[in-house]
Amino acid sequence: MFVTFRYIVLTAVRDRLILGLFLALLGAVLIASFLGDATFMEGRETALTFAGFSTRLILIAGLVLFVCFHVQRSFENREIDLMLSRPVSRTQFVLITWAGFSGVAIFLALVAVVLLTIAGMPPRGALALWAGSLLLETLVMVAAALFFALSLRSAGAAAMASFGFYLVARMEGFLLGVVQADWNATAVDALGNIVSKAIYVVGLVMPRLDLFGQTWWLAHGVGEVDGIVPLLAQAGVYLPLLLAAAVFDFRRRRF
C-alpha cells in the first residue's frame, strides 16, 4: 500500500508537476497582487478575488491532467498489471491510488493557500474556510478524474469529461438561479420546459462545487458557520459515491 502511495508522489515530482504548478500559482498570485496595486479602490479585494479564482482553476486543471495521464500511462506500461499481481484487490488499488493523488492534491492546495497571502491577507476566518473548502474540492475532483481515467480508454477523453463535470458542477448554482428567477419564461414552450426540468435533475445528482472556494469570502469575510455544513455534507456524499463508481467500473474491466 505504501509503495503505491510513494510511487504516485515520486511520479508527481519526476514529472515536474509540483514545480510546474508552484510556478503557475506563484505567477497568478503575483499578477493578482499587481492588479490590486493598480486598482484605485478596493485594491486588496480585487487582488484576493483574482488570486482566489486563478489559483483554484490552475490547481484543479493541473491535478485533473496529472491523474488522467498518469493512469493512462500506467495502463500502457503495464504498471497496473504489475501492481494487481501482488496481493492487492482492485478495490484496495483504487483507494490507495486515490489516496496517493489526494496526498499530492493536499500538498499543492496548502501551497496555494500560502501563496495566496502574497496578494493580501483575508479577513479573520475567511482564509481558513476557503482553504478547507479548497482541500475538499480538490479531493472530490481527484476522485472524479480517477473515475473517468479508469473508465475511459483515452487520457484526453478522461480529461475532457473531468473538465465537463467540473464546469457543470461549478455552474449548477447559476443555472438553478436562472431557472428559478425566470421559470415562467423558460417554461412557455416545450423546449424551455424540458431544459428547465433537465437542469433540476442535474442539480439533484451533481455536486454543487460553486459552494466551494467562494472568492467573496476572501474579500468580505464570512460568518461563524457560513458554508461549513453544506461543504462537509457534499464531500461526505460525493466522495464515497465517486470512489464506489470507480471501484465498480474497475472491477468489471478486463485486462
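Only the coordinates and a few stated rules stand behind these numbers; no lab work does. Quick caveat: nothing in here was measured; it's all calculated off a predicted structure. Quick reminder, even Gly has a Cβ in these numbers, built from the backbone with ideal geometry, and neighbours come from all protein chains shown.
Quick one: go through segment 7-24 and flag any residue whose amide nitrogen is under 15 Å from the point 7 Å out along the Cα-to-Cβ line of PHE107.
Answer for segment 7-24: 7-23.
Compare the Cα positions of ALA47, PHE69, TRP216 along the charge dipole of segment 2-252 (+1 at Cβ of Lys, Arg; -1 at Cβ of Asp, Glu; about the Cα centre) and return the one farthest towards the positive end.
PHE69
Kindly state, as a whole number, the per residue volume in cubic angstrom of the convex hull around the alpha carbon atoms of the chain.
Hull volume normalised by residue count: 145 Å³.
Choose one answer from VAL201, VAL29, VAL111: the residue with the largest mean-square fluctuation in a GNM of the chain with alpha-carbon springs under 10 Å.
Per the Cα network of the chain with a 10 Å cutoff, VAL201 tops the list.
Which parts of segment 54-78 would a label at ILE118 reach, counting a residue when its backbone N lies under 18 Å from a point 7 Å out along Cα-to-Cβ?
54-60, 62
State to the nearest 20 debye the size of the charge dipole of the chain about its Cα centre, where the only charges are +1 on K and R beta carbons and -1 on D and E beta carbons.
With only Lys, Arg, Asp and Glu charged at Cβ, the dipole is about 1160 debye.
If packing is taken as the mean number of other Cβ atoms within 10 Å per residue, what is the order of 206-216, 120-130, highest first?
Descending packing order for the listed peptides: 206-216, 120-130.
Among ARG153, ARG90, which comes first, then next, by fewest other beta-carbon atoms within 10 Å?
Working: ARG153 9, ARG90 17.
Taking fewest neighbouring Cβ atoms as first place, the list is ARG153, ARG90.
Return the calculated 222 nm mean residue ellipticity for the chain, to the nearest 500 deg cm²/dmol, obtained by summing -39500 (n - 2.57) across DSSP H runs with n ≥ 4 and dividing by the residue count.
When only DSSP H runs of four or more count, the value is -27500 deg cm²/dmol.
Filter the DSSP H helices in the chain by two things, a Kyte-Doolittle mean of at least 0.5 and an axial alpha-carbon span of 30 angstrom or more, and list the hits by number. Let's see the in-between values first.
Values: long enough: 17-38 (31 Å, 2.31); 43-76 (49 Å, 0.89); 90-116 (38 Å, 1.95); 126-151 (37 Å, 1.99); 155-181 (39 Å, 1.24); 228-252 (36 Å, 1.34).
Counting only whole DSSP H runs, the qualifying helices are 17-38, 43-76, 90-116, 126-151, 155-181, 228-252.
May I ask you to order 78-87, 91-100 by the average number of other C-beta atoms within 10 Å around their residues, highest value first? Could you put the intermediate results ahead of the total?
Numbers: 78-87: 12.6, 91-100: 19.7.
So the order, starting with the most tightly packed, is 91-100, 78-87.
Normalised by the residues of the chain, what does the relative contact order come to in percent, with Cα pairs under 8 Å and at least six apart? Walk me through the intermediate numbers first.
On the way: 292 pairs, mean separation 68.1, N = 255.
Answer for the chain is 27 percent.
Considering the zone a paramagnetic label at LEU19 would reach in this model (a point 7 Å from Cα along the Cα-to-Cβ line), which residues of segment 50-80 have amide N under 17 Å from it?
none
Need one number: nm distance between label points at VAL201 and VAL3, each 7 Å from Cα along Cα→Cβ, rounded to one decimal.
4.7 nm
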